[in-house]
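Below is one structure, written out as structure tokens; comments come after it.
The values are calculated or read from the model by the stated rules, or taken from the named source; none is laboratory data. Not measured: the values here are computed from a predicted model. Cβ atoms come from the backbone with ideal geometry, glycine included; neighbour counts cover every protein chain shown.
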Amino acid sequence: MSNQLFYGDNLQVLRRYIKDESVDLCYIDPPFNSNRNYNQIYNNIGQEDKAQTQAFIDTWTWDDSANQGLAEIQDNYLDHFSSQTIELISALVSILNKGDLLAYLVSMTLRLTEIHRVLKPTGSFYLHCDSTFCHYLRMILDTIFCFQGGDYKNQIIWKRTTAHSDAKKRFGKNTDTILFYTKNTNKYTWNPQYVPLKKDRLTNYNYQDQDGRKWASGDLTAKGLSGGGYEYEYKGIKNLWRCPLETMQRLDQENRLYFTKKGIRIKRYLDENKGYLLQEVFDDIPPLSSLSKERLGYPTQKPEALLQRLIQASSNENDVILDAYCGCGTTISAAQKLHRNWIGIDITYQSISAILKRLDDSFGSEFLDTIQLNGIPKDVESAIALSQKKDDKTRKEFEKWAVLTYTKNRGIINPKKGKDNGVDGLIYFRGNNNKNAKIIIQVKSGHVKSGDIRDLQGTMLLEQAEMGIFITLKEPTKDMIKTAKSAGIYQNEYMRESYDKISIVTIKDIIENQTRLTLPLVHEILKSAEKQSQFNPNQMKLEI
């Protein structure tokens, strides 16, 4: 089975599709309960278009979903919750009351419990958070992992920025926290990681052999060591040595001994030094700057170097990596480059779209064909189901899916909340006189009529758009088609062919006929990921 990308609620995906003990490593960077909404930033195409739109919501309220989640925990739904987890959450109800924070913790408990279930006995888990509610999350994780044979290993501190403006009233918050747990106390995958030697240590390597190999001299005597040593004479020098005579002879044969007037020392070669063993403070991986080639404009995007470090430490090639909040796909991209299999889950189509574009840019369209996409509408019935979703956290998901799918992930989602003034999406292209020109997109899931096309014409006039695209779930009427055709055609000096000023596209066309926007676009509204080496379609297979 191919690598898998799921579009949907990660709780439902975990419960329905991810088998027990099938994942080697899970990393998540979930919402932090920051009480903020995060926006995706688009490339600055023109003066009017410093555009951004809501990517995900990090606000929580006590609602029916929270009540249901609490009931599942306290009733031990599917027998997935430990008694300690049930007792802790029940105690937090009394302490915190049923409010925003408890709603967040209930949501996280449901998902953390499922992640524990899908981890292999040797699996590892990393939870990325900040210091605000880290202590609550750690208590929950202790009840899930430590009381079921697992172990807390580290509280990793990542220095994500040098300075922070909030230091005027307190010490600046310039770090994130990553909690590291294993499902088994002793049996888990671990590959020690190293960081390069610092400049002050490099100065010790001030000797070199005739072939140019640099080395530093090290002590071979055992004087002062608590473990004792080996007392003997070697080449006229008697001492208490750290190694037995046989080892001393071998080192001499390998030209690893350095004879001085006072004794014998060992050559420690620079090219054999892996560096310092990595500690739990990560201060050597900078955040993504606004000029970083890696930056895609997605909020809370983390550097790939951070994910690569965790993946290399706690997994091996061909292992299965899970990210249940995969955002713009940093974990997925890092896992792919490190020859791991992966499973990604996200609840917003903007994230799925950003991931698909990132993978396309990095590994090519041939690689996209190997990915198993789940939850994305594949027939009209599933598109109808998506259009009827009521959950506010997936607001306008049908419109987002339609716009991004039809434009091949190159459209801009209208950032306006509530009433969108007839604009669900925007596209920019090169117009006459090398000026930016605009296309507006409307998406309708209900009853449609010819008046909708006239309304679109009015919106085009107000928005100063050259063209309009009307995407409809229902079949258009003959009057709609006639009204659209009467708008005429558009062509400019950069186009080889003409285009209808108003196009009507059905969801059936998008799904069954793979109808996509063919207009050549000069401007890309999302930054492109860096191209990677050629993908080998036989490289990885995944079974879950």
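Across region 314-343, what is the number of residues that are surrounded by fewer than 24 Cβ atoms within 10 Å (Cβ to Cβ) and within 16 Å of PRO30 (Cα to Cα)?
1
Test of understanding: among ASP346, ASP369, which residue is crowded, with 20+ Cβ neighbours inside 10 Å and acidic (Asp, Glu)? Please lay out each step first, then the result.
Numbers: ASP369 fails: crowded, with 20+ Cβ neighbours inside 10 Å.
One residue alone meets the criteria, ASP346.
Return a yes/no flag: does region 283-303 have any residue that is free of Cβ contacts under 8 Å to residues at least 60 places away in the same chain and over 25 Å from ASP130 (Cβ atoms).
Looking for residues that are free of Cβ contacts under 8 Å to residues at least 60 places away in the same chain and over 25 Å from ASP130 (Cβ atoms), one finds none in region 283-303, hence no.
Let me confirm something: among GLN155, GLN148, which residue is modelled with pLDDT of 95 or more, surrounded by fewer than 19 Cβ atoms within 10 Å (Cβ to Cβ), closer than 20 Å to LEU307 by Cα and not small (Gly, Ala, Ser)?
Residue meeting the stated conditions: GLN155.
Just one of THR161, THR109, THR122 is of a type in the set (S, T, N, Q) and in contact with a strand residue (DSSP E or B) (Cβ under 8 Å, 6 or more places away or on another chain); which is it? So that I can check it myself, show each step before the final result.
On the way: THR161 fails: in contact with a strand residue (DSSP E or B) (Cβ under 8 Å, 6 or more places away or on another chain); THR109 fails: in contact with a strand residue (DSSP E or B) (Cβ under 8 Å, 6 or more places away or on another chain).
None of the others qualify; the one that does is THR122.
Go through region 461-488 and report how many residues are farther than 14 Å from ILE441 by Cβ, crowded, with 21+ Cβ neighbours inside 10 Å and among the polar types (S, T, N, Q).
Result for region 461-488: 1.
Can you tell me how many residues within region 311-329 are over 19 Å from ASP9 (Cα atoms) and within 13 Å of the chain's Cα centre (by Cα)?
So in region 311-329, the residues over 19 Å from ASP9 (Cα atoms) come out as 311-320.
Subsequent filtering for residues that are within 13 Å of the chain's Cα centre (by Cα) retains 311.
So the answer is 1.
Using the structure shown, decide if ALA91 is in a helix (DSSP H, G or I), at pLDDT below 95 and small (Gly, Ala, Ser).
Working: in a helix (DSSP H, G or I): yes; at pLDDT below 95: no; small (Gly, Ala, Ser): yes.
Taking the combined requirement at face value, the residue does not satisfy it.
Do any strands (runs of 3 or more DSSP E) lying entirely in region 1-46 carry at least 2 residues that are farther than 14 Å from ILE345 by Cβ and at pLDDT below 70, and which ones are they?
Values: elements: 4-7, 23-28, 36-41.
Answer list for region 1-46: 36-41.
Given the conditions (1) under 43 Å from the mean Cα position of the chain (by Cα); (2) surrounded by 11 or more Cβ atoms within 10 Å (Cβ to Cβ); (3) farther than 21 Å from SER315 by Cβ, which single one is not true for THR162?
Of (1) under 43 Å from the mean Cα position of the chain (by Cα); (2) surrounded by 11 or more Cβ atoms within 10 Å (Cβ to Cβ); (3) farther than 21 Å from SER315 by Cβ, only one is false for THR162: (2).
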